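Engineer: Below is the structure I would like to discuss, written out as structure tokens.
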Amino acid sequence: MPDFMIENEYNGIVCGIDEAGRGPWVGNVVAGAVVIMDKNLSPELLNNLNDSKKLSKTKREYLYTLLREAETKGQVKIGVGEASPQEIDKYNILQATFMAMRRATENLGIKADIALIDGNRLDKQFPIPSRAVIKGDAKSYSISAASIIAKVWRDKELEKLAEKYPQYGFERNAGYGTKDHIEGIKKYGIIPEHRKSYKPIKEFLNQVS
């Protein structure tokens, strides 16, 4: 379970960053950035923060709401950044993820002194000092909160995409290459929001060209 141990190693403003949506074949990659300004957050929030992938959809959405409520009270700062499928295709998914993380940091409304970034890769162009934390969303409250922000934000985007394109099951598969998604592609083709550099999409486009 996460705690403040890593945050407590630093003086100044510590920002946690995580992303959602690197693997799916469709939609934006989303990054969340969170600064916990007041460590006396409600036990209900702190006791339930964890790696977003280990939480149910209902629990994630509930914690997202609690984080947004804490934001209105000035207890946390939240930034969200995105990179589009076109940027993913142009620059590759790793570079697009870094772009989303930079944008999330810029959207915090406060300048952090250090960024704790989930994973094992760091962006050489990142605007502030940063530290990679492997499995950080299960170790750091800030990163865990950022993972929930990014995941719920992206899920909401995919639900909107599902309303626009109901044939692909995006509200269920979040854009991953599931059976209903593949069937939708075979029957209805590729949409502008598909990531055309991804191998399965590229292969489909080669077949129909």
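The values are calculated or read from the model by the stated rules, or taken from the named source; none is laboratory data. Being a predicted model, the structure only gives us computed values, none of them experimental. Reconstructed Cβ throughout: ideal geometry from the backbone, glycine too, with neighbour counts over all protein chains shown.
Engineer: Any idea which residue in the range 101-119 is nearest to the chain's Cα centre (by Cα), counting only those that are of a type in the set (A, V, I, L, M, F, W, C) and part of a loop (DSSP other than H, G, I, E, B)?
Structural biologist: By that ranking, first place goes to Leu108.
Engineer: Being surrounded by fewer than 16 Cβ atoms within 10 Å (Cβ to Cβ) and within 30 Å of Ile201 (Cα to Cα) is the filter; apply it to the range 38-60 and report the residue that is nearest to the chain's Cα centre (by Cα).
Structural biologist: In this case the residue turns out to be Lys53.
Engineer: So which residues in the range 66-100 are outside any helix (DSSP H, G or I) and either more than 14 Å from the chain's Cα centre (by Cα) or among the hydroxyl-bearing types (Ser, Thr, Tyr) (or both), if there are any at all? Walk me through how you get there before you give the answer.
Structural biologist: In the first step, residues of the range 66-100 are kept if they are outside any helix (DSSP H, G or I); the result is 73-84, 92.
Of everything in the range 66-100, those that are outside any helix (DSSP H, G or I) and either more than 14 Å from the chain's Cα centre (by Cα) or among the hydroxyl-bearing types (Ser, Thr, Tyr) (or both) turn out to be Lys73, Gly74, Gln75, Val76, Lys77, Ser84, Asn92.
Engineer: Is there a residue in the range 1-11 that is surrounded by fewer than 24 Cβ atoms within 10 Å (Cβ to Cβ), assigned to a strand (DSSP E or B) and within 17 Å of the chain's Cα centre (by Cα)?
Structural biologist: no
Engineer: Here is a further query. Does Leu158 fit the bill of being among the aliphatic types (A, V, I, L, M), more than 16 Å from the chain's Cα centre (by Cα) and in a helix (DSSP H, G or I)?
Structural biologist: no
Engineer: How many of the residues making up the range 170-197 are surrounded by fewer than 19 Cβ atoms within 10 Å (Cβ to Cβ) and under 16 Å from Gly21 (Cα atoms)? Outline the logic, then answer.
Structural biologist: Just the residues of the range 170-197 that are surrounded by fewer than 19 Cβ atoms within 10 Å (Cβ to Cβ), to begin with: 171-172, 176-180, 182-183, 186-192, 196-197.
After this cut, where a residue has to be under 16 Å from Gly21 (Cα atoms) as well, the list is 171-172, 176-178, 196-197.
Matching residues across the range 170-197 total 7.
Engineer: Can I ask one more? Would you call Leu49 assigned to a loop (DSSP other than H, G, I, E, B), in contact with a helix residue (DSSP H, G or I) (Cβ under 6 Å, 6 or more places away or on another chain) and among the aliphatic types (A, V, I, L, M)? Let's see the steps before the verdict.
Structural biologist: Details: assigned to a loop (DSSP other than H, G, I, E, B): yes; in contact with a helix residue (DSSP H, G or I) (Cβ under 6 Å, 6 or more places away or on another chain): yes; among the aliphatic types (A, V, I, L, M): yes.
So Leu49 passes the test.
Engineer: Here are some residues: Pro192, Pro200. Which one is part of a loop (DSSP other than H, G, I, E, B) and either touching an Asp or Glu at 6+ places or on another chain (Cβ under 9 Å) or in contact (Cβ under 8 Å) with a residue 40 or more places away in the chain (or both)?
Structural biologist: Pro192
Engineer: If you check every pair at least six apart or on different chains, which have Cβ atoms under 9 Å apart with a residue in the range 91-115 that is on the phi > 0 side of the Ramachandran plot first and a residue that is surrounded by 13 or more Cβ atoms within 10 Å (Cβ to Cβ) and at pLDDT 95 or above second?
Structural biologist: Asn92/Ser197; Gly109/Lys77; Gly109/Ile78; Gly109/Gly79
Engineer: Next question, about the same structure. Which residue, of Gly32, Gly23, Gly16, is assigned to a loop (DSSP other than H, G, I, E, B) and within 18 Å of the chain's Cα centre (by Cα)?
Structural biologist: Gly23
Engineer: For Val133, state whether it is touching a Phe, Trp or Tyr at 6+ places or on another chain (Cβ under 7 Å) and among the hydrophobic types (A, V, I, L, M, F, W, C).
Structural biologist: Criteria not met by Val133.
Engineer: Report yes if Arg103 is crowded, with 20+ Cβ neighbours inside 10 Å and in contact with a Gly (Cβ under 7 Å, 6 or more places away or on another chain), otherwise no.
Structural biologist: So Arg103 does not fit the description; no.
Engineer: Those residues that are outside any helix (DSSP H, G or I) and either in contact with a helix residue (DSSP H, G or I) (Cβ under 9 Å, 6 or more places away or on another chain) or touching a residue at least 24 places away in the same chain (Cβ under 8 Å) (or both), I need them from the range 134-155; list them, please.
Structural biologist: Lys135, Lys139, Ser140
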